[in-house]
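Only the coordinates and a few stated rules stand behind these numbers; no lab work does. Values in this document were obtained by computation on a predicted structure and should not be read as measured data. Cβ: placed from backbone, ideal geometry, glycine included. Neighbour counts: every protein chain shown.
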Amino acid sequence: MNCDLIAPHYQSLEYLTFGKSLERRRFAFLSAAVAARSAILCGGGDGRFLARLLLANPLVRVDFVEASGKMIELAERRIRALGHAFRARVRFEACDLRHFKPRQSNYDLIATHFFLDCFSQSEVSELSQRLASWASPQTQWIVSEFQEAPGVFANLASRVLIRALYAAFRISTGLRITHLPNYEAALAANGFRLQCDEHSFAGLLRSSLWKRVI
Ligand SMILES: C[S@@+](CC[C@H](N)C(=O)[O-])C[C@H]1O[C@@H](n2cnc3c(N)ncnc32)[C@H](O)[C@@H]1O
């Protein structure tokens, strides 16, 4: 998957198709992140969640791991515009999370927004295992994802939309994945327990907050 081509248009395309619905999902559990001191944002895209996190939490330091150089450029520009003190709290890592080697292993916040759906089930299991191995005992994990909505009509509509989104990403980024993975099982298998969740867009969008319990 290479998001360089779509990066400059990513935000406008998102607003055009979903309005501010995805934005609301990303920021849903921001209040749970105010006590974090060391965060890893995975596939953080153009940095909108990053900016909000830094503004909400003046003490957090962030590793921002993103495979697309163009997305990193946009995110870095966004944070530089906030000021030097904000930029100094972020380490931008332009690499594939599957090969990322952290300089620490005590993250107390993990965020994956519309990221886990870029992977197969086995990749999500592997990624969850790696992330858990870098996490503190009480680490919180904030997830935003698409999901198949409940209810006959909504379920059908959501499946069609998810297929269309995967097709669009396949054409524009080369993404090979075609189905949503069961990330809940992967997080649970690695010691994370669901704390709360919120749904919107007739059940198509879900944000959830998980906590590591060991
Ligand atoms: C659908 S976008 C979501 C971006 C952002 N999290 C958001 O909420 O808008 C997925 C992002 O994950 C990045 N990505 C995909 N695979 C990755 C990987 N293996 N390692 C790091 N980043 C990756 C892509 O470059 C892209 O920016």
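Fewest to most neighbouring Cβ within 10 Å: what's the order for W210, W141, W134?
Result, fewest neighbours first: W134, W210, W141.
So for the stretch 1-95, what are the equivalent ellipsoid semi-axes in whole Å, largest first, each being the square root of 5 times an eigenvalue of the Cα gyration tensor?
Taking √(5λ) for each Cα gyration eigenvalue gives 21, 17, 11 Å.
Cut-off is 10 Å between beta-carbons; in what order do H199, H113, H84 appear when sorted fewest neighbours first?
Neighbour counts put them in this order, fewest first: H84, H199, H113.
Can you tell me what share of the DSSP beta bridges in the chain is antiparallel? A percent to the nearest 5 is fine.
45 percent
With springs connecting C-alpha atoms under 10 Å apart, model the chain as a Gaussian network and identify which of D63, D96, D108 has the largest mean-square fluctuation.
Sorting by GNM fluctuation, first place goes to D96.
Tally Lys/Arg at +1 and Asp/Glu at -1 over every other residue whose Cβ is under 14 Å from the Cβ of S21; what's the total?
Around S21, the surrounding residues sum to +2.
To check you understand DSSP bridge types, tell me what percent of the beta bridges within the stretch 59-186 (both residues inside) are antiparallel, rounded to 5.
Roughly 0 percent of the DSSP beta bridges within the stretch 59-186 come out antiparallel.
With labels modelled as points extended 7 Å from the Cα through the Cβ direction, what inter-label distance (nm, one decimal) is found for L30 paired with C196?
It is 1.6 nm.
Between S133 and Q11, 0.36 nm times their residue separation minus their Cα-Cα distance comes to what?
40.7 nm
Over the Cα atoms of the chain, compute the convex hull volume and normalise it per residue, giving Å³.
111 Å³
Could you pull out the pairs from K70/K101; K70/K211; K20/K70 whose alpha carbons sit more than 25 Å apart here?
Among K70/K101; K70/K211; K20/K70, the Cα-Cα distance tops 25 Å for K70/K211.
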